[in-house]
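Take a look at the structure below.
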2 protein chains.
Amino acid sequence: MNERPKKLSADARRLATVESVIQLAALQNPVEITTAAIAKHMNLTQGALFRHFPNKEAIWQSVMEWVAERLLNRIDRSVHGIDSPLAAMEAIFMTHVEFVAEHPGVPRMLFGELQRAESTPAKRLVQTLIQRYGERLNHLIEKGKSNGELSSSLDNEAASTLFIGTIQGLVMQSLLTGDVQRIRHDAPRVFAIYRRGIGSDL
Amino acid sequence: MNERPKKLSADARRLATVESVIQLAALQNPVEITTAAIAKHMNLTQGALFRHFPNKEAIWQSVMEWVAERLLNRIDRSVHGIDSPLAAMEAIFMTHVEFVAEHPGVPRMLFGELQRAESTPAKRLVQTLIQRYGERLNHLIEKGKSNGELSSSLDNEAASTLFIGTIQGLVMQSLLTGDVQRIRHDAPRVFAIYRRGIGSDL
DNA sequence: GATAAGAAAGTAATTAATTACTATCTTATC
DNA sequence: GATAAGATAGTAATTAATTACTTTCTTATC
């Protein structure tokens, strides 16, 4: 919804396109984001998009790369200097929630991409993202077990699934109420239950 | 994928349409289910569908009614004769998981419908379904608190959100691996952590 | 109880929109 | 003034929905 159709370099235009998609996903159903809608949002003609992307799939691929890079980066930075594995998990949780609150369209896109039957490049990127996410969690869980912070009988896989599901539940709740920002308020309350579920009995 | 294009009564045809959509959603992305695809799956011409539904939205509405009715019915039946609130919650959980395993397309459709920006009749049905679901959970949580089975300091709302999120996490995991049936195996493991999170310290 | 009339269900072809994508011309910028 | 970026104006394919027509089923009447 800008006004001047400024000429941008190819790199800048690609980035602007990705950011437009992220913004649009916050407002509407990701599957309804057409190339015409993207172009309109950035005050460009639809055909011009194909100067910078070979096809629509490539746009989605770039978007998923953007998301994976930013999210994992922030996750990793959030645990810096935190010794306690449990505290690190909480930091990751809150960072993730903050990321979602800033970019409400992201979880919709991720889930929408996972829904697809075919294995598109974008879908594979999402699968890789969540896999890497799970690896980080698993590492922390192991540390927490030997640490004594987490229950020694904890099921790692189930704990990882539930961690991600906890965030997914918050997202679903925000879709239900239409109020994405409330997720910031609800997140600590839900994580408290999760922490109790995985923590040691001390 | 039938063979004879038998003539059905309007009621029977509407039910067959709904069941076809449920089946198709298990195989492909719900948003890609076209009226032509539905018709082909039930060996009918595309136009014939509009003898029984005014438009496509009405088909989705009927599908959501089917889902809401069946799921809530099974949930309610599953708690019959169970006195312990915690055991009742576990029964609901397992019943829900079994329902999803039988109809893998259902959670995709529900989430896809929630994604939509506009408030369609189908979306409102999903919202009502989850609201009623939450009411049942809340009731059990209250009973569990006075019972002593659940932590007296438990946050009801957060516990409800996490309950649904836990299932959502299992669904996401099944989308990731492509193996929907594994949800039956993972469900008890994940619920064990959840139960620990909400239970009393005894 | 046979059967004709009408209702109900289905077919096949076509519609207007919308989609992703492309070919060709124009212009801003270095 | 060369060239990269954008505009303009298309394309073919797909979509939900509608049309005119046909087949099948139901039921009222003799």
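The values are calculated or read from the model by the stated rules, or taken from the named source; none is laboratory data. Nothing here was measured: the structure is a model prediction, and the numbers come from that model. Quick reminder, even Gly has a Cβ in these numbers, built from the backbone with ideal geometry, and neighbours come from all protein chains shown. SASA here: full protein model, heavy atoms, side chains in, ligands and nucleic acids out. Shrake-Rupley method; radii C 1.70, N 1.55, O 1.52, S 1.80 Å.
General remarks:
- Principal-axis analysis of the Cα atoms of chain B puts helix B:85-102 at an angle of about 20° to the longest axis.
- Stretching A:GLN46 away from A:GLU102 to a fully extended chain increases their span by 17.4 nm, per 0.36 nm per residue minus the current alpha-carbon distance.
- At the residue level, B:VAL79 shows approximately 40 square angstrom of accessible surface with a 1.4 angstrom probe and all protein chains present.
- Averaged over peptide B:152-160, the number of partner chain Cβ atoms lying within 10 Å of each residue's Cβ comes to 4.
- Model label zone, A:ASP201; criterion: amide N under 15 Å from point 7 Å along Cα-to-beta-carbon; scope the range A:131-161: A:149-154
- Debye-formula intensities of chain B, expressed as log10 I(q)/I(0) at q = 0.10, 0.17 Å⁻¹, are -0.49, -1.14 (one equal scatterer per alpha-carbon, no solvent).
- Here the accessible area is traced with a 1.4 Å probe on the protein chains. For chain B, carbon and sulfur cover 51 percent of it.
- Rounded to 10°, Cα long-axis angle of helix B:10-27 versus longest principal axis of chain B: 60
- The range B:1-53 - convex hull of the alpha-carbon atoms, volume per residue in Å³: 68
- Spin-label pair B:ASP76/A:GLU157, simplified geometry with 7 Å Cα→Cβ offset, distance in nm: 3.7
- Highest to lowest packing among A:111-119, B:162-170, B:188-196, scored as the average C-beta count within 10 Å: B:162-170, B:188-196, A:111-119
- Shielding score for B:24-31, defined as the mean number of other chain Cβ atoms within 10 Å: 3
- Take A:ASP179, push a point 7 Å out from Cα through the beta-carbon direction, and compare it with the same point in every other copy: 4.1 nm, smallest first.
- √(5λ) per eigenvalue of the Cα gyration tensor, the range A:42-120, largest first, Å: 32, 14, 11
- Only lysine pairs 8 or more places apart or on separate chains count here, and in chain B those with Cα atoms under 26 Å apart total 7.
- Residue mean of other protein chain beta carbons inside 10 Å, B:119-132: 1
- In this structure, the amide hydrogen of A:GLY199, modeled 1.01 Å from its nitrogen in the peptide plane, lies closer than 5 angstrom to those of A:SER151, counting only residues at least 5 positions away or on a different chain.
- When the charge dipole of chain A is built from unit charges on Cβ atoms (+1 for Lys and Arg, -1 for Asp and Glu) and taken about the Cα centre, the candidate among A:PRO85, A:LEU110, A:GLY165 whose Cα reaches farthest toward its positive end is A:LEU110.
- Spacing of the two label points (7 Å from each Cα toward its C-beta) at A:THR177 and A:ASN55, in nm: 4.2
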